[in-house]
Amino acid sequence: MSQLLGVGESHRAYTIGYVRVSSHDQKQDLERQKEIIELFCRTEDASFEEDLANDVLEIITVFSARLYGSRSGKNKKMVEEFKKISEKL
């Protein structure tokens, strides 16, 4: 995604999850909370990137249709290339 947007890895956003329990006796609860937070963060990150890729594709489609005409062979080829890129993400 960084390549598509033209930004370096240093601009990548990070998500931090925090879990805690009151006592050492609740170590199992801590592990369960940790697993839930990790799953949530992975799901949200993947969903965000997919939504972003779809939004970029839609913007490119609209602008290219206006510039080249929606029936242009060049436009269709460009849209197909961007679809392939977004599917890889």
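Annotations
- Positions within region 1-18 being farther than 14 Å from LEU52 by Cβ and at pLDDT 60 or above, in sequence order: TYR14, THR15, ILE16, GLY17, TYR18
- Among residues of region 27-52 that are over 12 Å from THR15 (Cβ atoms), those with a Cβ under 9 angstrom from a residue that is assigned to a helix (DSSP H, G or I) and open to solvent by 70 Å² or more (accessible area, probe 1.4 Å), sequence gap 6+ or separate chain, pair up as LEU52/LEU5.
- Residue within region 65-76 that is outside any helix (DSSP H, G or I), open to solvent by 90 Å² or more (accessible area, probe 1.4 Å) and at pLDDT below 75 present: yes
- Residues that are surrounded by 11 or more Cβ atoms within 10 Å (Cβ to Cβ) and of a type in the set (Asp, Glu) were ranked within region 36-51; the one that is farthest from LYS83 (Cα to Cα) is GLU38.
- One residue alone among VAL21, VAL79 is modelled with pLDDT of 80 or more and aliphatic (A, V, I, L, M), and that residue is VAL21.
The values are calculated or read from the model by the stated rules, or taken from the named source; none is laboratory data. Quick caveat, the model's predicted, so the values are computed rather than measured. Here the Cβ is made from the backbone with ideal geometry for all residues, glycine too, and neighbour counts use every protein chain on show. Note: areas computed on protein heavy atoms with side chains; ligands, DNA, RNA excluded. Shrake-Rupley method; radii C 1.70, N 1.55, O 1.52, S 1.80 Å.
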